[in-house]
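Working notes, structure below.
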Amino acid sequence: MTEPLQPDTETSVQITNLTVEFDGFRAVDDVSLLMLKGQIHFLIGPNGAGKTTLVDALTGLVPATGSAIYRGMDLLAMKTNKIIRAEVGRTFQTATVFDELSVLQNLDIAGGLRRRAWRLPFARRGVPDYVEAALETIGLGAVRDKPAGILAHGQKQWLEIGMLLVQDAKVMFLDEPVAGMNADEREETGELLRRIGGDRTIIVIEHDMDFVRSFAEWVTVMHAGKLLTAGTVEQVQADARVQEVYLGTAADAVVEGEGR
Ligand SMILES: Nc1ncnc2c1ncn2[C@@H]1O[C@H](COP(=O)(O)OP(=O)(O)OP(=O)(O)O)[C@@H](O)[C@H]1O
C-alpha cells in the first residue's frame, strides 16, 4: 500500500488486504485503503463492485480476512455489538427505524445501545441532552413526537444518521443515504454530513454522481471486488479506467495497489 496523499491528516481506519469470499467467489478482493479522520470519503463503483460487502465486513456482518485497524483494534476480529461500542456505526440502504415509535424514542433507544443498558424511553422522564442535540442536528425537532413510520423518506434517513449521532459514532458508514431523495433533500443531506463531519470519519456509499461531486473530499472507486483507484473527485473523474468501468467496457481494467 502506498503512503497517504494527505500526510497531515490522521488515519482513522487502516484496511489491509481485506477479502470477503462467498463460496469461493471474491466479493471483496484484497482491498487496502485508508479512511482519514475528519474526511467525507465516498465509496463508488458499478453495481456488484463490493462496496456494501466491504462495509458489511467492517461492521461485523460478514467474515473477512485481512485487517482493518481502528484505535489499535482489528474491526474484522470484532462482533457487531463491540464494533458499535467502539463508536463505529452504519446505516443501511433501507432505513431501519422503528416505525411505530416516535422520532424521539428511536433516538433514545439508539442511545441505549451505546449505554449498554436497554433502557426503554417510556420508563424515564426527560430527554437526555445528547438526544436533544442530535434531534437539532438532523433538523427533526418539529416531528419529534410523531411516529417514525409517517416520516418522509429523506427524514427517515436523517433519523438514522441521528441514531448514529446519539451512539456517538466516530466512524459512520452510510449506504446510499440520498437514494430516492429529491434535490432539496440531497442538498440538505450533504449539508448535514458537513455539519457532523468535524473529527468524525464519514464513509458514504453512493451512486448519485452529482452528490459525490458536491460533497466528496475523497473518493475510492471499486470494481469487481477490487480497488480500482482513489483520489479527489477531479482525479477520479479524469481517470480513463473509471470512465471505462462505468461504461462497462473494461472489466479487466482493475489495477491493484492503488490505494493511498
Ligand atoms: N451473502 C452473499 N452471498 C453471495 N454473494 C454475495 C452476498 N452478498 C453479496 N454478494 C455478491 O457480492 C458482490 C458484491 O456485492 P455488493 O452488494 O457488495 O456490491 P455493491 O458494490 O454494494 O453493489 P450495489 O451498488 O449494487 O449495492 C455481488 O456480486 C453480490 O452478488
Could you please let me know if M209 is at pLDDT 95 or above, assigned by TED's automatic domain parsing to the domain that holds F22 and surrounded by 14 or more Cβ atoms within 10 Å (Cβ to Cβ)?
-> no
Of residues in segment 83-104 being crowded, with 16+ Cβ neighbours inside 10 Å and β-branched (V, I, T), the one farthest from E206 (Cα to Cα) = V103
Top-ranked residue in segment 37-46 [being in contact with a strand residue (DSSP E or B) (Cβ under 6 Å, 6 or more places away or on another chain) and on the phi < 0 side of the Ramachandran plot; ranked as farthest from the ligand (Cβ to nearest atom)] | K37
Among the listed residues V143, V178, which satisfies the condition of being in contact with a helix residue (DSSP H, G or I) (Cβ under 8 Å, 6 or more places away or on another chain) and within 16 Å of the ligand (Cβ to nearest atom)?
-> V178
When you go through E176, E188 one by one, which is the residue that is at pLDDT 90 or above and at positive phi?
-> E176
Long-range neighbours under 7 Å by Cβ, at least six apart or interchain, first residue farther than 18 Å from E87 by Cα within segment 40-62, second polar (S, T, N, Q) and more than 7 Å from the ligand (Cβ to nearest atom) = L43/T220
Could you please find all residues in segment 56-75 being within 16 Å of the ligand (Cβ to nearest atom) and over 21 Å from A224 (Cα atoms)?
-> G60
Somewhere in segment 71-82, is a residue surrounded by 14 or more Cβ atoms within 10 Å (Cβ to Cβ), closer than 20 Å to I205 by Cα, assigned by TED's automatic domain parsing to the domain that holds G190 and at pLDDT 95 or above?
-> yes
Does segment 47-55 include one or more residues that are more than 11 Å from the ligand (Cβ to nearest atom) and within 17 Å of the chain's Cα centre (by Cα)?
-> no
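Residue by residue, here is whether (1) surrounded by fewer than 19 Cβ atoms within 10 Å (Cβ to Cβ); (2) more than 19 Å from D129 (Cβ to Cβ); (3) in contact with a strand residue (DSSP E or B) (Cβ under 8 Å, 6 or more places away or on another chain); (4) outside the structural domain of A57 (by TED's automatic domain parsing) holds:
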site: Q155; (1), (2), (3), (4): no, yes, no, yes
site: L159; (1), (2), (3), (4): no, no, no, yes
site: P177; (1), (2), (3), (4): no, yes, yes, no
site: A183; (1), (2), (3), (4): yes, yes, no, no
site: E187; (1), (2), (3), (4): yes, yes, no, no
site: E191; (1), (2), (3), (4): yes, yes, no, no
site: I203; (1), (2), (3), (4): no, yes, yes, no
Identify all residues within segment 202-250 that are of a type in the set (S, T, Y), within 29 Å of L165 (Cα to Cα) and within 15 Å of the ligand (Cβ to nearest atom); write none if there are none.
-> T220
Among residues belonging to segment 18-32 that are surrounded by fewer than 23 Cβ atoms within 10 Å (Cβ to Cβ) and more than 11 Å from the ligand (Cβ to nearest atom), point out the one that is farthest from G231 (Cα to Cα).
-> T19
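The values are calculated or read from the model by the stated rules, or taken from the named source; none is laboratory data. Note that this is a predicted model, so its numbers are computed, not measured. FYI the Cβ positions are ideal-geometry reconstructions off the backbone, even for glycines, and counts take in every protein chain you see.
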